[in-house]
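In what follows, a single structure is set out as structure tokens and then discussed.
The values are calculated or read from the model by the stated rules, or taken from the named source; none is laboratory data. This structure is a prediction, so every number in the text was calculated from the model and none was measured. Reconstructed Cβ throughout: ideal geometry from the backbone, glycine too, with neighbour counts over all protein chains shown. Ligands, DNA and RNA are stripped out before the accessible areas are found, and what is left, the full protein with its side chains, is counted by its heavy atoms. Shrake-Rupley method; radii C 1.70, N 1.55, O 1.52, S 1.80 Å.
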Amino acid sequence: MELLPRSPGEFGSARYWDRFFRQRGQRSFEWYGAFPELCPVLHKYVRPRDKVLVVGCGNSELSEQMYDMGMCEDIVNIDISDTAIRQMQERSGSKRPKMSYLLMDMLQMDFPDAHFQVVLDKGTLDAILTDEEEATLAKVDKMFAEISRVLQVGGRYLCISLAQAHVLKKAVEYFSQEGWVVRVHQLASSGNKQQFVLPVFVYVMTKFRKISGSALQILEICPEEQDKPMRVESAEQLVAAVKDRQYYALLCSQLSKTPCGEQVSLDLCDKERGRPRYTLHVVDSPSVKPSRDNRFAIFIIPQGRETEWLFGTEEGRRQLATSAGFGRLVTVALHREQHYEGMEDIQAELSGKVMELAPPGLPARQQVPFLSVGGDIGVRTVRHCDTSPLSGEYVVEDVKGDGTCYFRRLIFLRNRNVVQSEARLLSPGPLPGQKKRRKDKKKPSPPEPPTAIDKSYLCCEHHKAMVAGLCLLGGPDPLPGTPLAVLVVGLGGGSLPLFIHDYFSQACVAVVEIDPSMLEVATRWFGFCQGDRMRVHVSDGLDYVTKLATEVSALPSVAPAQYDAIMFDVDSKDLTVGMSCPPPAFVEKPFLQKVKTILKPEGVFVLNLVCRDVRLKESVLATLREVFPLLYTRRIEGEVNEILFCQPSPEGRRDPTELGVRARALEGDLRQPGRPWDSSYVLADMLQAVKIL
């Protein structure tokens with residue numbers, strides 16, 4: 001039986017609806033859900049003594065159920081279909097004496113002004129506003145004007161809709177400009193197989209007297225899981241908020257039917273401020289053979305560890321899901337701006353939501369395990385947050401790593417999943433002369449997190465590789481006691497220049513940092529300090545190098561090339577480029593030639609390259625080869641970083657065996673008695689994977 005119209009315009013035709021209801025017979029037709037789903041919202045806005053008008057009633061049972069449930073009895077139903085009205089008059093008859101059905105066009109109603117407290121519309125606006133043609137919009141304006149006319153001040157227009165963007169935008173703009181309060185509710189799903197994949201919404205437009213000259217708009221949205229409305233600033237924001245919920249519903253529908261080929265990411269926001277509280281990644285593992293107990297699990301990433309390779313990259317999460325042995329794993333990252341009581345509270349908060357992401361075939365009452373590292377949610381303490389004119393918002397935070405180790409991190413919030421700088425914290429020991437406390441039988445209080453910086457430890461693998469690159473310097477024995485002039489562009493937390501300063505006793509380190517805020521952060525929070533062998537120049541690295549190169553070129557005998565090593569570890573502020581380190585201007589040929597000018601002939605230029613754009617990376621490598629005849633590369637496993645060692649002369653070429661010998665010799669000199677050394681840091685290992693390009 002063909003019940004659909006030939007064109008959307010027929011939805012406004014009385015002839016179409018007469019034919020529709022004749023063919024359908026006495027069976028009720030429910031647009032967008034039945035009474036049980038609508039009841040919670042209707043109860044909020046329909047009072048027992050209200051006079052209610054239902055426009056475009058069709059043969060829906062909604063009015064009958066509202067009447068029979070005692071929600072309201074004084075209900076007037078209108079429709080343009082004579083067939084539908086006669087069916088409903090016959091069906092209700094004398095059972096509901098206070099309810100009436102009238103054949104009437106809502107665009108031209110016979111009721112007096114301010115006659116109703118509630119106008120209820122279930123799908124009628126959606127049926128009329130099928131497009132944005134001028135004639136259609138004029139018809140909708142007439143509909144809204146009639147609804148406004150028959151409603152009392154303080155009355156409510158309740159419109160049940162699928163909330164297509166153009167429909168919602170039209171309704172919100174019209175009534176908000178009239179001075180009405182606009183609130184949008186998302187209906188809670190019943191859990192049964194629904195007629196529509198998209199969620200159903202109820203627009204609640206409350207009539208107020210229009211104040212001349214007032215531009216105040218009150219726009220709110222109520223998600224299905226909460227009663228408290230959230231205020232939004234504009235019609236565009238309201239439409240966007242609804243669109244987000246529609247996307248989520250489509251996503252859940254898709255995930256419930258088929259495995260996801262690519263990892264799916266979404267944010268769950270808090271109720272009060274609408275800010276992200278949880279970031280979820282849905283990871284399917286085709287290699288895992290599903291059974292009853294390993295179909296689905298939730299993994300809570302400990303606070304502060306979301307940037308680690310295992311949790312912060314697609315490949316890492318895929319490995320995590322496979323090793324955990326679950327067909328579908330949802331990883332959950334916790335946000336630093338939020339407060340979390342513990343694992344049980346997170347589980348209670350997420351249980352209902354994550355089940356909407358369950359894989360196909362999961363039994364309805366299947367218990368889903370919540371997993372984590374060590375069974376807790378980790379520790380994160382924000383030590384400092386501020387805004388820099390150059391770097392934007394940033395935070396300094398202490399996080400707990402594996403075991404008892406704590407780390408201090410600098411994060412730029414414009415790229416919150418990347419650790420800008422990191423340092424290990426020293427566990428506090430007893431002060432000199434301080435006796436150990438006697439053991440108390442009472443439960444010991446948890447130890448205080450450490451706060452002192454461990455300057456002997458390089459947290460970043462790319463920093464370890466950059467330091468190892470000093471083995472390439474000329475001379476038979478690159479000893480730490482040899483005078484060494486080093487230029488580091490990019491300070492961050494200062495761990496790289498600090499390590500070189502402390503372990504190469506004759507090294508003089510010049511650091512160039514464009515952002516004065518970072519010098520303050522490094523000094524206050526990362527133990528950085530200047531001295532006779534360590535100076536920071538607050539300047540643009542491009543300008544600083546250009547100035548030095550100009551001096552060398554002008555007076556080579558007076559100002560010869562001065563640096564044994566030049567290191568670039570500077571991030572790009574432009575996130576639209578496929579290279580986040582360094583900024584593109586730092587690897588242009590004219591500037592690289594200036595770098596070569598201030599580098600000693602036997603020196604080494606070390607570049608931290610982070611480039612996801614394959615073509616751009618090839619272009620950068622080609623430019624480097626044009627300037628530096630000898631080029632080594634060292635990829636950092638599990639990261640995008642690639643360390644490039646560039647030398648001005650091909651005569652300094654060394655094979656891997658020679659590099660290993662030099663690295664072991666240098667490390668032996670650096671490991672002095674009484675000087676702490678990270679046993680996991682082996683210079684030779686850093687150079688073992690070096691390749692000559």
State, to one decimal in nm², a quarter of the convex hull surface area for the C-alpha atoms of the stretch 508-578, i.e. the direction-averaged projected area.
6.5
Using every Cα-Cα pair within the stretch 48-207, state what percent have a distance larger than 22 Å.
42
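Can you order the peptides 394-400, 163-169 by their average number of other Cβ atoms within 10 Å per residue, highest first?
Answer by packing, highest mean first, reads 394-400, 163-169.
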Where only protein heavy atoms count, and the probe is 1.4 Å, what is the accessible area per residue for the stretch 261-360 in Å²?
47
Coil-residue trypsin sites (Lys or Arg not before Pro) of the stretch 588-670, DSSP, other Cβ within 10 Å capped at 13:
ARG612, ARG653
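Which FRET efficiency value, to the nearest 0.05, is calculated for CYS385 and LYS289 with the Förster distance at 35 angstrom and r the Cβ-Cβ distance?
Working: r = 46 Å, r/R0 = 1.33.
According to the calculation, E is roughly 0.15.
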What FRET efficiency comes out for GLU637 versus SER553 if R0 is 35 angstrom and r is the Cβ-Cβ distance? Round to the nearest 0.05.
0.30
Kirkwood Rh, Cα atoms: Rg over Rh of the stretch 261-360
0.96
Using a probe of 1.4 angstrom, how much of the accessible area of the stretch 519-676 is carbon and sulfur, in percent?
52
Please report the carbon-and-sulfur percent of the accessible area for the stretch 60-201; probe 1.4 Å, protein heavy atoms only, DNA, RNA and ligands left out.
48
Calculate how large, on average over all directions, the projected area of the Cα convex hull of the stretch 491-533 is; give the answer in nm² to one decimal.
2.7
Hey, for a label at LEU413 modelled as a point 7 Å past Cα toward Cβ, could you say which residues of the stretch 366-383 have their backbone N under 19 Å away?
380-383
With a 1.4 angstrom probe the carbon and sulfur portion of accessible area for the stretch 261-360, in percent, totals 47
